[in-house]
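Data block below; observations after.
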Amino acid sequence: MTHSRRDVLRGGLGGLALAATAGTGALTRAQGAGGRPPFGAAVNQWILPKEEPYRAAIARHCRLVVSESGMKWDQLRPAPDRWDFGPADELVEFARQHNLGMRGHTLLWYDSLPDWARAISSAAQADREIKLTIDRVVERYGAQVGSWDVVNEPIEDLPQRGMRESVWYRALGPGYVDLAFRAARGAAPKAELVLNEYGLETADEGSRVKREGFRRLVRDLMDRGSPVDAIGLQAHLSGDRPIDREGLQALLREFVEMGLKVTVTELDVNDKMMPGPPELIDALVAARAYEFLDTVFAVVRPTAVLTWGITDRHTWMPRWNARPDKLRNRCLPLDENYVAKPFMSVLRHFCDVG
Ligand code: G3I
């Protein structure tokens, strides 16, 4: 890590003494105001030290942040005995400096794994590496992070059904999810532990089947007494497909009856198939976001609402969903010049936004 990046963010890091001091910081601004959940966003920390307007937009609008990629295994554990906390440390320091809360993403996922982890085959090694990673990461960031995505994306997409085939599922069977939650509870007794998933919101067969697979997994975990506190709705919404209000609300009601909370973890709207010009896209994106948040809030108040990025200038969307008309994707609350769009007004309606 170059000193200039560090100085850009804060001028001298002072090591991670923050752990001792910042416990409360994890929650201060992340509790929302006026009964509305706090708003936050995913941060790309390769951009953070480079662009002042990016830092300013996050510090101004967000109550909490989550690392877009810095707390994933491929970043944290390039080799079995080598750890790289650099990018994650910087975001934690930025959050502390701006009194922002934090979510942790993600302690266990089938993707973004280093090759050595993808090669794990024995149950004993899988068990050991999962527990070691959770212990080390929570030990380092537990004071700043109030909510963890413990397991990310455990359910398959059509044509597959049920639990996703992964290195963890192959090595440990379906019990790997419960194992990860028990390890996380041991390491972070007070944190919100979240089971995070995408593709649960939309009115189509794929989403209906996924909701059913996810519901069964959650029911099984709760029957086992697994320490799951909340469900994470990623909410990467489709611009061209409506929200399944009835289907999603039935699922949320069941989770609430199980004593679970709900959090919105990665909201954005895929505008690939939405008609231009930009003003029309922005209106349709805001309408889809409103439809989704209104559907959720009618059943349960999320513990937080985060978008997956904050500006169209820096988003994952074009990597998989570039618009055929070559217009920039307009999937987030601020445009590429950090100007607020109607999407931001929708967020202000439901959430505590800076
Ligand atoms: O590690 C390199 C770094 O060395 C390099 O300097 C930097 C330059 O951009 O890139 C770094 O890695 C990339 C990282 O994004 C940072 O931008 C990875 O190669 C790339 O795979 C990674 O993609 C992320 C992807 O998850 C896979 O982890 C996307 O940004 C991120 O938006 C996406 O997020 C996922 C959520 O975790 C789960 N839900 C779906 C969501 C969107 O796919």
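General remarks:
- Meets criteria (out of contact with any Gly (no Cβ under 6 Å at 6 or more places or on another chain) and modelled with pLDDT under 95) for G239: yes
- Any hit, the range 186-198, residues being surrounded by fewer than 22 Cβ atoms within 10 Å (Cβ to Cβ) and over 23 Å from T133 (Cα atoms): yes
- Filter result for the condition that a residue is within 15 Å of the ligand (Cβ to nearest atom) and farther than 30 Å from G142 by Cβ, over E197, E212, E201: E201
- Qualifying position, being within 16 Å of the ligand (Cβ to nearest atom) and either part of a helix (DSSP H, G or I) or under 19 Å from the mean Cα position of the chain (by Cα) (or both), among L267, L251: L267
- Positions within the range 293-315 being in contact with a Gly (Cβ under 7 Å, 6 or more places away or on another chain), within 14 Å of the ligand (Cβ to nearest atom) and either in a loop (DSSP other than H, G, I, E, B) or modelled with pLDDT under 95 (or both), in sequence order: T315
- Elements of type helices (runs of 4 or more DSSP H) contained in the range 26-119, each with 2 or more residues being more than 14 Å from the ligand (Cβ to nearest atom) and at pLDDT 95 or above: 52-61, 86-97
- The set of residues in the range 324-352 being among the hydrophobic types (A, V, I, L, M, F, W, C) and without any contact (Cβ under 8 Å) to a residue 60 or more places away in the chain consists of L327, V339, A340.
- For the range 215-229, the tally of residues that are of a type in the set (A, V, I, L, M) and either within 16 Å of the ligand (Cβ to nearest atom) or not in a helix (DSSP H, G or I) (or both) stands at 1.
- Only one of the numbered conditions (1) within 14 Å of the ligand (Cβ to nearest atom); (2) within 18 Å of the chain's Cα centre (by Cα) is violated by P318, and that is (2).
- Residue check for C331: farther than 19 Å from R211 by Cβ, within 14 Å of the ligand (Cβ to nearest atom) and surrounded by 14 or more Cβ atoms within 10 Å (Cβ to Cβ): yes
- Candidates G206, G232 - the one that is surrounded by 20 or more Cβ atoms within 10 Å (Cβ to Cβ) and within 16 Å of the ligand (Cβ to nearest atom): G232
- Among the residues of the range 237-275, none is identified as crowded, with 17+ Cβ neighbours inside 10 Å, more than 26 Å from P333 (Cα to Cα) and among the basic types (K, R).
- Filter pass, L327 being farther than 30 Å from G247 by Cα and in contact with a Gly (Cβ under 9 Å, 6 or more places away or on another chain): yes
The values are calculated or read from the model by the stated rules, or taken from the named source; none is laboratory data. Quick caveat, the model's predicted, so the values are computed rather than measured. All Cβ positions, glycine included, derive from the backbone under ideal geometry; neighbour counts span all protein chains shown.
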